[in-house]
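Contents: one structure, followed by commentary.
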Amino acid sequence: MTACLITGAGGFVGGALARSLIESRLARPSLPDRPVSGRLILTDQIPPPDWCPTDRADIVWMQGNIASATLLEQLFSEPVTAVAHLAGVVSGTAEADFDLGMRINLDATRALLERCMAQGRAGRPPRVVYASSIAVHGLPLPTAIHDHTPASPSLSYGVQKLINEILITEGSRRGWIDGISLRLAGVVIRPALPNGALSGFNSDLIRETLAARRVVSPVSPEAVIWLQSLSSARDAFATALAGSGGAPDGARVVQCPALAASIDEILRAVSALSGRDARAWVDFCPNPAIEPMFGRWPRRISFDRARRLNLPEDRDLTELIASAHAAT
Ligand SMILES: NC(=O)c1ccc[n+]([C@@H]2O[C@H](COP(=O)([O-])OP(=O)(O)OC[C@H]3O[C@@H](n4cnc5c(N)ncnc54)[C@H](O)[C@@H]3O)[C@@H](O)[C@H]2O)c1
């Protein structure tokens with residue numbers, strides 16, 4: 001038996017991916033060419049959510065710390081054909097606790113990659129799809145971002161993401177894994193539970209104004225952020241898991257398509273959807289530590305690699321917010 005492994009399967013993006021893989025498996029049980037074959041192994045430090053079936057031999061939830069060697073041993077007890085690695089601590093947590101960020105985001109990822117590479121060295125290189133982030137870009141944020149824009153992180157979180165991207169590129173160059181890193185933008189609309197993401201205000205602003213609740217914005221109305229819908233993030237992972245190789249230019253790092261929008265434009269889109277003036281619910285308190293890093297994303301952007309890989313793309317802000325709202 002082989003396995004497909006999803007880490008961080010209890011999280012916002014990993015959970016959406018795991019659910020869609022389970023749904024397609026339940027809907028088409030005998031389809032041989034489904035993206036991920038073999039057992040579906042879902043892992044997270046939290047217990048299995050309600051949506052995870054507990055009565056199937058081909059769908060397994062393994063609860064544990066991704067930094068634990070014992071858990072890794074269990075996860076790789078059978079050959080793994082594909083891995084979507086989404087477990088990790090997010091930006092604010094990694095910034096507040098350097099050691100924790102290094103342990104979970106870097107050391108645990110390296111240990112997971114070692115497992116994957118050992119399997120590849122024995123002749124079965126697994127597909128590895130890694131959840132990287134636009135946080136690989138740092139201050140001052142570039143005035144334009146293209147596939148070749150050099151990364152220069154200013155947060156520990158971004159440093160950890162960038163190192164992992166390089167390790168995945170190196171493992172792929174050696175043929176020990178078939179890896180690809182997907183840089184996610186601000187995926188919305190995250191549930192209200194605080195998970196420590198410094199950019200979490202993007203979801204807060206949309207969720208709360210849609211529900212006609214007051215919300216504080218740590219950035220000004222002119223601040224520009226990058227957004228992507230949960231469905232586009234989820235489907236980018238599903239597409240990359242089912243695919244092979246890197247981008248057509250050989251690169252193993254791909255920026256997922258995102259929409260650049262100002263807070264004002266976002267609130268106007270929310271107003272159009274809700275029929276209420278969204279701005280009336282927002283108290284603007286721009287934070288000088290947040291605005292330059294999270295509110296100055298360029299509008300001059302291109303996503304050639306992602307487009308050539310047919311990764312999904314949100315094309316319109318109102319549609320993005322409507323689809324993200326429908327997914328909550
Ligand atoms: N959501 C975004 O906007 C965004 C943007 C860029 C990158 N990313 C990256 O995508 C991935 C998923 O993001 P998300 O928004 O779903 O985050 P999330 O916080 O909702 O999910 C992460 C999951 O990892 C799990 N986890 C954390 N530490 C763990 C540990 N030690 N052992 C086992 N599990 C552990 C958490 O329990 C959680 O379920 C992360 O790696 C994140 O850095 C997300």
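The values are calculated or read from the model by the stated rules, or taken from the named source; none is laboratory data. Not measured: the values here are computed from a predicted model. Note that we place each Cβ from the backbone using ideal geometry, even for glycine, and neighbour counts take in every protein chain shown.
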Query - Among residues of the stretch 179-205, those that are on the phi < 0 side of the Ramachandran plot and touching a helix residue (DSSP H, G or I) at 6+ places or on another chain (Cβ under 6 Å), counted - result: 15
Query - Every pair of residues 6+ apart whose Cβ atoms lie under 8 Å, when the first sits in the stretch 53-73 and is without any contact (Cβ under 8 Å) to a residue 12 or more places away in the chain while the second is within 16 Å of the ligand (Cβ to nearest atom) and of a type in the set (Gly, Ala, Ser) - result: 70/64
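Yes/no matrix, rows are residues, columns are (1) crowded, with 16+ Cβ neighbours inside 10 Å; (2) in the same structural domain as residue 238 (by TED's automatic domain parsing); (3) closer than 29 Å to residue 15 by Cα:
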{"position": "289", "(1), (2), (3)": "no, no, no"}
{"position": "300", "(1), (2), (3)": "no, no, no"}
{"position": "307", "(1), (2), (3)": "no, no, yes"}
{"position": "313", "(1), (2), (3)": "yes, no, yes"}
{"position": "320", "(1), (2), (3)": "yes, no, yes"}
Query raised in the report: Within the set of pairs 6+ apart or on separate chains, which have a first residue in the stretch 77-96 that is in a loop (DSSP other than H, G, I, E, B), a second that is surrounded by fewer than 17 Cβ atoms within 10 Å (Cβ to Cβ) and among the acidic types (Asp, Glu), and C-beta atoms under 8 Å apart?
Result: 89/97
Report task. Return yes when residue 134 is β-branched (Val, Ile, Thr), more than 30 Å from residue 299 (Cβ to Cβ) and within 12 Å of the ligand (Cβ to nearest atom) and no when it is not. Result -> no
Query raised in the report: How do the strands (runs of 3 or more DSSP E) wholly within the stretch 156-227 filter down when requiring 3 or more residues that are away from the ligand (no atom under 16 Å from the Cβ): which remain?
Result: 215-217
Requested in this report: Assess whether residue 123 counts as being of a type outside the set (A, V, I, L, M, F, W, C), at pLDDT 95 or above and under 22 Å from residue 98 (Cβ atoms).
Outcome: no
Query raised in the report: Got at least one residue in the stretch 72-93 being under 17 Å from residue 158 (Cβ atoms), surrounded by 14 or more Cβ atoms within 10 Å (Cβ to Cβ) and more than 9 Å from the ligand (Cβ to nearest atom)?
Result: yes
Query raised in the report: Given the residues 106, 113, 71, 42, which is the only one that is of a type in the set (A, V, I, L, M, F, W, C), closer than 30 Å to residue 296 by Cα and modelled with pLDDT of 95 or more?
Result: 106
Requested in this report: Kindly provide the set of residues from the stretch 254-273 that are surrounded by 20 or more Cβ atoms within 10 Å (Cβ to Cβ), of a type outside the set (A, V, I, L, M) and free of Cβ contacts under 8 Å to residues at least 60 places away in the same chain, ordered by number.
Outcome: 257
Query raised in the report: For the stretch 35-42, does any single residue satisfy the condition of being surrounded by fewer than 16 Cβ atoms within 10 Å (Cβ to Cβ) and within 16 Å of the ligand (Cβ to nearest atom)?
Result: no
Requested in this report: Identify, by number, the condition in (1) hydroxyl-bearing (Ser, Thr, Tyr); (2) within 22 Å of residue 21 (Cβ to Cβ); (3) touching an Asp or Glu at 6+ places or on another chain (Cβ under 9 Å) that residue 220 doesn't meet.
Outcome: (2)
Report summary line: Among residues of the stretch 44-71 being near the ligand (Cβ under 8 Å from one of its atoms) and β-branched (Val, Ile, Thr), the residue nearest to residue 193 (Cα to Cα) is 46
Requested in this report: Check residue 242 against each of (1) under 22 Å from the mean Cα position of the chain (by Cα); (2) at pLDDT 95 or above; (3) not assigned by TED's automatic domain parsing to the domain that holds residue 202 and name the one condition it does not meet.
Outcome: (2)
Report summary line: For the stretch 37-50, pairs from a residue that is among the charged types (D, E, K, R) to a residue that is part of a loop (DSSP other than H, G, I, E, B) and within 11 Å of the ligand (Cβ to nearest atom), with Cβ under 8 Å and 6 or more apart or across chains, are 44/8; 44/9; 44/10; 44/11; 44/87
